[in-house]
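Any read-out appearing in this document is the output of simple, stated calculations on the displayed coordinates, not a laboratory observation. Because the structure is predicted, anything quoted here is derived from the model rather than measured. Don't worry about glycine lacking a Cβ; one is built from the backbone with ideal geometry, like all the others, and counts go over all protein chains shown.
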Amino acid sequence: MASFLRYLAVLKPTSMQQEDDLRALEKIVQFARALGIVFLGLNSYWFCYDWFAHHALTTLVVDRIFWNLQQSTGIFTWSSITKFCALFFLVLGCYGTRSVRDGKPSKRQILLLALAGFFLLFGNDPLRSLPAGLEVRFWSYVLTLLGGYLALLTAGVWVRRLLHTTLARDPFNDDNESFEQEARL
């Protein structure tokens with residue numbers, strides 16, 4: 001029995017190892033968010049190509065890479081495909097986020113912000129065909145795309161905070177050793 005307890009003591013992570021694990025998790029979270037932003041950039045380049053071409057921000061190499069990517073995966077068939085990819089990495093990024101608890105957003109606030117984010121992110125396709133100038137179409141599309149992404153990011157962090165505070169009310173202590181004791185006065 002004593003050797004088994006020593007074995008368990010070896011398995012218990014040290015605080016230094018936990019800090020390294022948290023740093024690694026934070027890097028993964030940041031990378032997931034960065035991939036989400038990359039997908040938004042790919043979406044903007046493909047679906048607002050006229051603006052990039054007008055400002056001479058295109059190259060043959062990048063265009064060939066995009067064309068090969070489209071031919072092999074079909075990722076640019078609809079704009080919602082790249083938006084869902086960005087949303088997937090956003091969800092991954094929000095899952096591992098540890099937020100600061102400054103205020104408690106209500107479920108209604110989270111729902112409204114998430115709905116606004118979905119509307120801005122997925123409902124902005126008609127902006128590309130507005131009867132306006134190229135600059136207005138491009139900037140309205142890109143700004144609503146980014147606004148929707150940021151609204152969903154905020155809602156995701158708030159959901160994570162709400163879940164964490166709800167689950168933190170566990171009657172066990174950190175090591176699951178005992179129940180809280182009842183205190184009567």
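Decide, for the range 13-93, between rounded, prolate and oblate: order the square roots of the alpha carbon gyration tensor eigenvalues as a ≥ b ≥ c, take rounded if a/c falls under 1.5, and otherwise choose prolate if a/b is larger than b/c, else oblate. Mind dumping the intermediate values first?
Values: a/c = 3.11, a/b = 2.55, b/c = 1.22.
It comes out prolate by the Cα gyration axes.
Work out the FRET efficiency for VAL61 and GLU26 from their Cβ-Cβ distance, taking R0 = 41 Å, and round it to the nearest 0.05.
Values: r = 34 Å, r/R0 = 0.82.
Calculated value: 0.75.
Could you point to the residue in LEU60, LEU153, SER44 farthest towards the positive end of the range 23-167's charge dipole, with +1 and -1 charges on the Cβ of Lys/Arg and Asp/Glu respectively?
Result: LEU153, furthest along the dipole toward the positive end.
Assuming 0.36 nm per residue, please report the length gained on full extension of the stretch ILE75 to LEU146 beyond their Cα-Cα distance. Let's see the in-between values first.
Numbers: separation 71, 0.36 × 71 = 25.56 nm, distance 1.93 nm.
Between ILE75 and LEU146, full extension yields an extra 23.6 nm.
Could you compute the FRET efficiency for LEU162 and TRP139, with r as their C-beta to C-beta distance and R0 at 30 Å, rounded to 0.05? Kindly include the intermediate steps, with their values, before the conclusion.
Working: r = 34 Å, r/R0 = 1.13.
For R0 = 30 Å, the calculated efficiency reads 0.35.
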